[in-house]
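Let me begin by presenting the structure, written as structure tokens, before commenting on it.
What follows is calculated from the coordinates using simple rules that are stated; it is not laboratory data. These numbers were taken from a predicted model, which means no experiment stands behind them. As a convention, Cβ positions derive from the backbone with ideal geometry for all residues, glycine included, and neighbour counts pool all protein chains shown.
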Amino acid sequence: MPQLGVLFDTNKLGTGFYGYTSFRIFFTMLRPEDLAGCTILHGELEGRRSRSYCIAVESTSFEVLADIRRKVAESTARALMPEDYRFLDDYGLEGEHLVEAVQVTETGELVERCPRWLYEAWQRSALSPAPQAVPAQVKTQVKPAPAARPAPEPKHGLRLPERVPFPLWWSHHGRRSFALMIAFCCGGALLPWLGCGVSLCIILTMAGLVQGIAMQWRVWTEQQLSGGELVEELKKFAAVRPLDDLVQRLEKPGPQASPLLRTLQSVTRSWVSVQDPAVVAAIVEQNQRTEGHMQRADNEELRFLAWAVPAMAVCSFYGMQIFVGVRESWLEAPKLALAGVAGWLVVQGLRCSVSATGERLWGDIQRLAIAAWLPVLQKQAPAARGAFEAVTIETESLEKALRDLSGQLESVREVLERQQEQEFAGGMTELRASIDRLAPVVAGIRDNHHGRPKAMTATA
């Protein structure tokens, strides 16, 4: 649930029970109706350079927290921390051990199980006038507040996967071993009634069936962890926090289980350093190719098992002709044909389902990364002027400076010639010729770099 922490400087609260003093100041800044429906927590923060006491308000409404933040920011109470260090959001309160103090009802009253000292602070603060200004001035100042400071509110809604689901950390070898164990158990149980050939077909069919179900389960889980609502949550977080913080959040094992979040983390990290949409598209394509190799390997394994079932049926038929007899083999042929065809259809159908679901998943990921997430990155950290354009501007400036210098040298040469300083005039002529030879080189650097970006270094 969204939280907002207000910090007090314990050195300015005086000796004794400074929690009581903090709550008196807190309740003086806010009216009872400002805290309606909120839960209040408190505690001393650890691991900070200056001792600070925190009173946190927990509410389901971002508007309530924004109004509380505005009123506390306007307060001039001496015990409050400086305005730059006065507030903590969900991200700052993470890991802090705060204790629930009291709950405020929807009518702006404390619940009955409120501590006596806290109720006394509430009552005394309610009798003293609120230090804030006239309501008409507050209204005129509230209007621009959402536009100037919407930052702290949306970030509370960031919810990422906290753990890796079982289908995603189940290794390929473990999945295969489990499938073979189930397959041999089923085949061995049916061997006395169906015979050796049909039992072997059932073993291969069950192996492919269990493998296919496990692969489909994995893809379905990845789909659940890669929904479009995650992009909306990341948009809210990116609107109020630096992109580096977002990259750190996405490095945890839980978010890394989602292929969408893995792709967005790679895209965001590259955008922070490069800020080039072409690089973003290349990274998305590279991730898609990497995941596609794994998916194709799984599909090839299912394809092998699918075709192994009818092949086993055919081998069993010819084996029975050799070791049992022709008549017995033709009596067993309908069962073998049915087992082979049914097994092939089951495993091949699962393979097609896994392949189609995986392709659809990565199509959605590519669409969300390019169409939905890239505009957010461009808005959060607009791409700096491209390297090509920057080189073009620099070389054009250099060309202009060379032309000006060449003209000035020509003027100096003419003056020296009039004064019959032939030696210096000759030096000016050679220097001007060198500059004229340098100008086409600079122009070539600009043209080559603009046309072939990767050739800039070699040309230079």
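Using only Cα atoms, figure out Rg for region 210-317 and give it as a multiple of 2.2 N^0.38 Å.
1.47
Taking the convex hull of the alpha carbon atoms in region 188-229, what volume per residue do you get, in Å³?
58 Å³
I'd like to know how region 8-77 sits against the 2.2 N^0.38 Å rule of thumb: what's its Cα Rg over that expected value?
Ratio of Rg to 2.2 N^0.38 Å for region 8-77: 1.14.
Which of Cys38, Cys185, Cys54 has the fewest other C-beta atoms within 10 Å, and how do the rest follow up to the most?
Fewest-to-most ranking of Cys38, Cys185, Cys54: Cys185, Cys54, Cys38.
Could you compute the net charge surrounding Leu194? Neighbours are other residues with a C-beta less than 14 Å from the C-beta of Leu194; K and R count +1, D and E count -1.
Spelling it out: positives minus negatives among the neighbours equals 0.
State the answer as a single residue: which of Thr60, Thr10, Phe27 lies farthest towards the positive end of the charge dipole of region 1-65, with beta carbon charges of +1 for Lys and Arg and -1 for Asp and Glu, about the Cα centre.
In region 1-65, that residue is Thr10.
I'd like the trypsin sites (Lys or Arg not before Pro) in region 158-208 restricted to DSSP loop residues with at most 13 other Cβ atoms within 10 Å, sorted by number.
For trypsin sites (Lys or Arg not before Pro) across region 158-208 that sit outside H, G, I, E and B with at most 13 neighbouring Cβ atoms in 10 Å, the list reads Arg159, Arg163.
Expected output is a single nm value to one decimal: the length gained when fully extending between Glu100 and Met294, i.e. 0.36 nm times separation in residues minus the C-alpha distance. What is it?
Length gained between Glu100 and Met294: 65.0 nm.
For region 39-108, state which GluC sites (Glu not before Pro) are in a DSSP loop and have at most 14 other beta carbons lying within 10 Å of their beta carbon.
For GluC sites (Glu not before Pro) across region 39-108 that sit outside H, G, I, E and B with at most 14 neighbouring Cβ atoms in 10 Å, the list reads Glu46, Glu94, Glu106.
Residue by residue through region 172-178, what is 3J(HN,Hα) from phi via Karplus (6.51 cos²θ - 1.76 cosθ + 1.60, θ = phi - 60°)? Round to whole Hz and write x for glycine and proline.
These are the phi-based 3J(HN,Hα) values: 5, 5, x, 5, 5, 4, 5 Hz.
Using the Kirkwood radius over Cα pairs, work out the Stokes-Einstein diffusion coefficient for region 283-326 at 37 °C and 0.692 mPa s, in µm²/s as a whole number.
D = 253 µm²/s.
Between region 64-102 and region 338-358, what's the alpha-carbon centroid distance in Å?
59 Å
Suppose R0 equals 30 Å. What FRET efficiency, 1/(1 + (r/R0)^6) with r the Cβ-Cβ distance, do Ile435 and Lys379 give to the nearest 0.05?
After rounding to 0.05, the efficiency reads 0.10.
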